[in-house]
Each structure stands twice: as structure tokens, then as C-alpha cells.
Amino acid sequence: MSVVALSATQLARVQRRTVLTLSLGQVLGGIAFGATVSLGALLAADISGDDALSGLATASVTLGAALCAIPLARLAARVGRRRALTLGNLFALVGIVVVILAASLRVFPLLLVGIVMIGAGNAGNLQSRFAATDLAAPTHRGRDLSIVVWATTIGGVAGPLLLGPGEIVGEMIGMPPQTGSYAFSFVAQCAALVLYLVALRPDPLLTAQRLATAATAATGTAVADRPRIARYAIFAIAGSHVVMASVMAMTPVHLSHMAHGAHGMAPTPADVSALVGITIALHVGGMYALSPLFGILADRWGRLRVVLLGQVLLGGALAFAVFANDREWGVIVALILLGLGWSAATVAGAALLTEASAPELRTRRQGRSDSLMSLSAAAGAVLAGVVLANFQYAGLGVAASVIVVAIVALSPLAVQRAARVGAPVT
């Protein structure tokens with residue numbers, strides 16, 4: 001049956017299958033991301049011999065996502081989400097192999113190349129949340145998007161928690177130290193690639209484009225474009241991601257320093273890895289576990305209100321980072337709140353961006369949003385390493401708070417513009 005002839009029931013069935021497929025893909029793809037978030041800074045500091053360079057790991061993974069976000073979005077617009085997501089998985093697979101090789105040879109530039117490739121794969125993971133909105137009904141757009149974001153919880157939490165078992169497996173098969181969990185990541189990425197090739201049919205973006213073209217031809221009207229609201233949504237998403245990524249990137253190094261200062265003798269690498277793994281796992285859980293709640297709130301309360309809720313949570317995280325950074329529980333609470341704030345702002349901001357953009361501009365703006373988000377976070381991660389080295393963890397929290405204030409201060413512009421064009425205030 002032609003896609004333009006799909007009934008409402010058939011369309012809903014296709015959307016449910018699409019969300020399920022994307023969610024399973026996020027579970028598998030999140031494992032490599034979670035492992036890289038946990039190990040990247042430690043591997044970079046160990047191989048380079050300089051803590052100030054540890055931020056280059058997170059900078060590299062976000063740089064890879066930034067470089068591929070727009071090309072993958074353009075590819076999706078031409079040939080569909082399925083092929084774009086599959087290409088992202090191939091990038092991640094190559095990156096995993098390069099990281100393991102770099103750790104074995106102890107070549108720092110090669111390590112960064114591998115992490116950049118993993119970041120390129122993460123660009124596909126980010127695109128999945130927009131893919132969930134392609135065929136979603138407007139009243140459930142936030143919910144469907146958030147379900148796919150939530151699915152990353154399993155892989156993202158499993159990645160850090162696999163550090164310990166990964167070291168055991170890695171030692172058994174002769175992998176370099178601190179890279180064993182990448183063996184699990186490689187298998188998961190292969191499974192995600194096969195899943196998208198087989199199950200993501202019909203392609204949600206191509207189907208949505210054909211339906212939109214048919215609807216415009218039948219009614220003679222097109223969806224209104226609201227560029228100012230779209231620009232604010234892009235800024236809010238990017239800014240929230242910078243705050244999250246910069247603080248999170250330096251947390252493993254900060255916890256390592258805390259562990260060395262809290263004991264009479266130096267802690268073992270296993271002790272440090274366990275502390276970092278648990279903390280990052282809780283952080284990643286905060287990023288994704290409650291995303292369905294934020295999606296439902298965005299559908300009911302409005303997108304902008306939930307974006308601002310995210311800033312409140314981010315502000316609370318930074319307060320703990322400034323005033324309780326010398327206690328393990330304080331850092332853990334900061335990282336959980338940091339994840340929750342990111343989740344609220346990202347889910348609601350992505351829905352706001354989609355709805356503020358005309359169908360023919362959505363994919364382009366979504367790719368631009370992901371690219372700017374990742375580029376900003378890459379720069380923030382590099383600067384975070386310098387700030388940590390010179391002003392410690394508390395100084396990093398103070399610096400990040402400036403972005404939160406800016407997102408809140410600029411929010412009235414989006415509301416005023418929405419009211420001026422007669423659109424619902426979101």
C-alpha cells in the first residue's frame with residue numbers, strides 16, 4: 001500500500017514499530033558511548049601523562065558527533081534514516097578498533113582518532129531521537145521522542161558498569177588495560193547495525209516526507225515556520241549539553257584525585273575505576289531514566305516550561321559541584337542532577353525545535369542543532385580541563401553556571417515571538 005494511503009491505524013502501527021526499533025538500537029549503541037564517557041578521560045590522562053589533556057577525550061567524542069551530524073542529517077533527508085543510522089554504526093565500529101589499537105601502542109593521537117570515530121557513531125544515536133518524531137502525532141511527539149532517549153539508559157548505564165567485567169574479559173583475551181569493556185561495545189554495535197538494516201522499514205523520514213507532500217497538495221497550506229523559536233531551541237539544547245559535558249568530562253579526573261587524597265596509600269586502578277564507573281552510571285541513569293516523564297510533561301505543560309525546568313536542575317547540580325565537591329556523595333548528587341537537567345532540556349528542546357520548523361527545514365535544522373551541540377561541548381570539554389587544572393572543580397561549576405543563566409534570560413524572546421505569530425505559547 002502506498003504511504004500516502006496509510007490509515008490512521010496503520011500509521012500508528014508503523015510509528016510504534018519505529019519507536020521500538022529505535023529504542024532497541026539505542027540500547028545497543030549506548031554501550032559504546034557509556035564506556036567511552038567513563039574511560040576516555042582516564043585513558044587520555046594515562047597515555048598522554050598529563051591530566052590537563054584528559055578533557056580532549058570528551059572533546060574528541062563530541063567533535064566526532066559534530067563533524068558527522070550535518071552530513072548524516074543530509075544523508076537521511078536524501079535516502080532515509082535507516083541508511084544514515086547504519087553508517088553511524090559503522091563509524092563506531094571502526095572507532096572501537098582504533099581505540100583498542102591506540103591503547104595497545106600507547107599512541108595518544110591515535111587514541112583521539114578512535115574516540116572521534118566513536119563520536120561520529122554517536123551522531124547517529126542522537127539522530128534517533130528526531131527519527132522518533134518523524135511520524136509522531138503532535139500530541140505525543142514529546143513522549144515518543146523521550147521513549148527513544150530513555151532506551152539509552154540501559155546501554156549507557158551498562159557501559160560504565162561493564163568496566164569491571166570488561167577488565168576481566170580483556171585480560172583473558174589479551175586486550176590492553178582499561179579497554180576490555182570495548183569488546184562488549186563492539187558486539188553491541190554489530191547487533192545495532194543488523195537491527196536497523198532489517199527492522200527500520202518503512203523508513204520513517206521518507207514516509208513522513210511523502211505524507212507531508214500529499215497533505216500540502218490536498219489542502220494547499222503548509223506548516224508555518226518559526227525561525228526565532230527554532231534558534232532559541234537550538235541554543236537551549238546546545239547550552240545545556242555544554243554544561244553537562246564539561247562537568248561530566250572532568251568528574252573522573254576529580255574523583256581520581258579525591259581517591260588519592262582520601263587514603264594513606266595510593267588506591268588501586270580497580271578502586272578508581274569502580275568509583276568512576278558507579279558515579280558515571282548514576283549520571284547516565286539521570287540523563288535517560290526519567291526522560292519519558294519529561295516527554296509527557298513537555299506534551300502537557302509545554303516545551304519551553306520543561307526546558308526551564310531543566311535549567312533549574314542544572315543549577316542545582318552546579319551548586320553541589322561548587323559547595324560539596326570534596327565529598328563523594330556531593331559529586332554523585334551533582335552528577336545525577338546534571339543528568340536530569342540535561343534530559344529535561346534535551347527532550348523538550350528537541351520537540352520545540354521540531355514543531356517550530358517547517359517540514360522541509362526540519363532535518364537540516366536538526367542536523368545543525370546536533371552539530372552545534374557537539375562542537376560547543378567539544379570546546380567546553382577542552383576548556384574544562386584547563387579550568388579544572390587552574391581553578392579546581394568548584395571553579396568549573398561557577399563557569400558553567402553562566403550558560404544556565406543565559407538560557408533562562410533569553411527564554412522570554414521565544415515566548416514573545418510565539419505569541420506574536422498567533423502560535424500557542426510553548
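Regarding the stretch 90-103, can at least one residue be identified that is touching an Asp or Glu at 6+ places or on another chain (Cβ under 6 Å) and farther than 19 Å from ILE31 by Cβ? No, every residue in the stretch 90-103 fails to be touching an Asp or Glu at 6+ places or on another chain (Cβ under 6 Å) and farther than 19 Å from ILE31 by Cβ. For the stretch 362-383, give me each residue that is open to solvent by less than 40 Å² (accessible area, probe 1.4 Å) and aliphatic (A, V, I, L, M). Selection gives MET373, ALA377, ALA378, ALA381. Under the condition of being open to solvent by less than 10 Å² (accessible area, probe 1.4 Å) and at pLDDT below 90, the residues counted in the stretch 283-319 number 4. Here PHE184 passes the criteria (1) within 30 Å of GLY166 (Cα to Cα); (2) free of Cβ contacts under 8 Å to residues at least 40 places away in the same chain except the one numbered (2). Hey, any hits in the stretch 258-269 for a residue that's open to solvent by 10 Å² or more (accessible area, probe 1.4 Å) and modelled with pLDDT of 80 or more? Checked against the condition, which is being open to solvent by 10 Å² or more (accessible area, probe 1.4 Å) and modelled with pLDDT of 80 or more, the stretch 258-269 yields no hits at all. Before we move on, is ARG129 of a type in the set (Lys, Arg) and surrounded by 22 or more Cβ atoms within 10 Å (Cβ to Cβ)? For ARG129, the condition - of a type in the set (Lys, Arg) and surrounded by 22 or more Cβ atoms within 10 Å (Cβ to Cβ) - is met. The residues of the stretch 114-134 that are modelled with pLDDT of 90 or more, in a helix (DSSP H, G or I) and out of contact with any Gly (no Cβ under 8 Å at 6 or more places or on another chain), listed by number, are PHE130, ALA131. Among the residues of this structure, ALA224 does not count as one that is surrounded by fewer than 18 Cβ atoms within 10 Å (Cβ to Cβ), touching a residue at least 12 places away in the same chain (Cβ under 8 Å) and in contact with a Ser or Thr (Cβ under 6 Å, 6 or more places away or on another chain). Annotation note: of ARG210, ARG201, the sole residue that is more than 15 Å from LEU39 (Cβ to Cβ) and not in a helix (DSSP H, G or I) is ARG201.
The values are calculated or read from the model by the stated rules, or taken from the named source; none is laboratory data. Owing to the predicted nature of the structure, the values given are computational and were not obtained by experimental measurement. Virtual Cβ from ideal backbone geometry, glycine too; neighbours counted across all protein chains shown. Surface accessibility is based on the protein's heavy atoms, side chains included, excluding ligands, DNA and RNA. Shrake-Rupley method; radii C 1.70, N 1.55, O 1.52, S 1.80 Å.
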